[in-house]
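Written below as structure tokens is the structure these notes are about.
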Amino acid sequence: MQILNRRPRRNRATGAIRAMVQENTLSVNDFIFPMFVQEGTNTKVEIKSMPGIFRFTLDTLLEELKEVQSLGIKSICLFPNYPESKKDKYGSESLVSDTLYLKALSEIKSKFPDLVIMTDVALDPYSSDGHDGIVENGKIINDETVEILVKMSIAQAKAGADIIGPSDMMDGRIGAIRKGLDAEGFTDVSIMAYTAKYASAFYGPFRDALESAPKFGDKKTYQMNPANIKEALLEAELDFAEGADIMMVKPAFSYLDVIKALKENFNIPISAYNVSGEYAMIKAAAQNGWIGGDKAMMEMLLSMKRAGADIILSYFAKEVAVLLNES
Ligand code: PBG
């Protein structure tokens, strides 16, 4: 027999001991549930590449929210799906006062006043080019785009948004949006900056959901190169200085080191976006019987907490809530 002072296995001996020494946990409070709204009535359409996730019309969305709330989920993030006929170069539809998205926000707020509503600020759902900004001569132009993003943010705040979520990656937009919101009296509306948003292949299923894939090229002139982490710290310095209340890393699973770096360097909450492709991979493998879906899901999400995420945006939110409520 070996003489060992330290036998780490002692702390793993029983379920109760393992629970006692567990360093990180998931709570339903950590989650924001991303949801999709489309025009029409009495319909919900399952997204092919995201089994279990639907695009709802406003009426069915409101029904679904009852279930979401009953599971204990306190926060959602809403994305709109618009038909091509509503899209143009400037994303003008986003500013129409009774447009689907703004109508949905105010309706949700009036029916579910306690629910935290996070929005999406970017041109892509409304853009005939499928880009997050205005395209001119094949380039995405920054400052003109930011002017529209500020107007979008104010319109969303007026409609009842609690947290504005700029997902566009234009330079200087956090400061401009903060200034715009404050000037209109929305000093209490928060900004969750998509701070380190990478040009990622893992957004594929989301673009199916919104039918918003770029019509030409890619998003590499504004979203970040997956090879870089110092650049994420630079983005974070800027967003922090410009007034972000929460800073996000997106995607999450391949970028745990980035989550950790932001968590260690900034004293505001850090969120992680467990994106559509991460969801789809687990669902597809589980449907094939290749992995245990629930266990893989919990392990993936826990890794984000361990890396330092305070908040997780995830399409798994409802499933996690069910499991956590059982345990
Ligand atoms: C676009 C946006 C994207 C996502 C959220 N907002 C996709 C993109 O940048 O092309 C992705 C979310 C996901 O994949 O779950 N503004």
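The values are calculated or read from the model by the stated rules, or taken from the named source; none is laboratory data. This structure is a prediction, so every number in the text was calculated from the model and none was measured. Using ideal geometry, Cβ is built from the backbone for each residue, glycine included, and neighbour counts are taken over all protein chains shown. When the accessible area is computed, the model is the full protein with side chains, heavy atoms only, and any ligands, DNA or RNA have been set aside. Shrake-Rupley method; radii C 1.70, N 1.55, O 1.52, S 1.80 Å.
Summary of computed values
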| read-out | value |
| --- | --- |
| Mean projected area in nm² (Cα convex hull; one quarter of hull surface) for segment 183-284 | 8.2 |
| Charge tally in the Cβ shell below 13 Å around Gly277, where Lys, Arg are +1 and Asp, Glu are -1, Gly277 excluded | +1 |
| Portion, in percent, of the accessible area of segment 24-326 that falls on carbon or sulfur, probe 1.4 Å | 52 |
| Among Pro34, Pro80, Pro214: highest mean-square fluctuation, GNM of the chain, C-alpha pairs under 10 Å | Pro214 |
| Percent RCO, i.e. relative contact order, over segment 24-326, from Cα pairs under 8 Å lying at least 6 residues apart | 20 |
| Cα principal axis extents for segment 206-261, largest first, Å | 33, 24, 20 |
| C-alpha center-to-center spacing [segment 250-327, segment 50-123] in angstrom | 22 |
| Accessible surface, the chain, averaged per residue in Å² (probe 1.4 Å) | 46 |
| Neighbourhood net charge (15 Å Cβ-Cβ; Lys/Arg +1, Asp/Glu -1) for Asn267 | -3 |
| Quarter of the Cα convex hull surface for segment 24-326, i.e. its orientation-mean projected area (nm²) | 14.7 |
| Segment Leu95-Glu144, extension gain: residue separation times 0.36 nm, minus the distance between their alpha carbons | 16.1 nm |
| Neighbour-limited loop hits for trypsin sites (Lys or Arg not before Pro), segment 183-234 (at most 16 other Cβ within 10 Å; DSSP other than H, G, I, E, B) | Lys215, Lys220 |
| The chain: most fluctuating residue of Val96, Val37, Val249 per GNM, C-alpha cutoff 10 Å | Val96 |
| Distance in nm between pseudo-label sites at Lys158 and Asp188 (7 Å out along the Cβ direction from Cα) | 1.9 |
| Gaussian network model of the chain, springs between alpha carbon atoms under 10 Å - residue of Ala261, Ala122, Ala213 with greatest fluctuation | Ala261 |
| Gained length - Ala241 relative to Asp257, 0.36 nm times residue gap less alpha-carbon distance | 3.6 nm |
| Distance between modelled label sites at Asn11 and Asn137, nm, 7 Å Cα→Cβ extension | 6.1 |
| Pairs from Lys44/Lys151; Lys151/Lys230; Lys197/Lys260; Lys48/Lys87 whose Cα-Cα separation, in the structure shown, is over 21 Å | Lys44/Lys151; Lys151/Lys230; Lys48/Lys87 |
| Which of Ala193, Val320, Phe253, positive extreme of dipole for segment 193-327 (C-beta unit charges) | Phe253 |
| log10 of Debye I(q)/I(0), alpha-carbon scatterers only, for segment 31-159 at 0.12, 0.19 Å⁻¹ | -0.47, -1.09 |
| Calculated FRET efficiency for the pair Asn42/Leu302, C-beta based, R₀ 41 Å, to 0.05 | 0.60 |
| Length-normalised contact order for segment 1-60 - Cα pairs under 8 Å, 6+ apart - percent | 24 |
| Within the chain: Cβ-based charge dipole about Cα centre, in debye rounded to nearest 20 (Lys, Arg +1; Asp, Glu -1) | 1500 |
| Highest to lowest packing among 179-189, 23-33, scored as the average C-beta count within 10 Å | 23-33, 179-189 |
| Asn24-Leu62 pseudo-label distance in nm [points 7 Å out on the Cα-to-Cβ vector] | 4.0 |
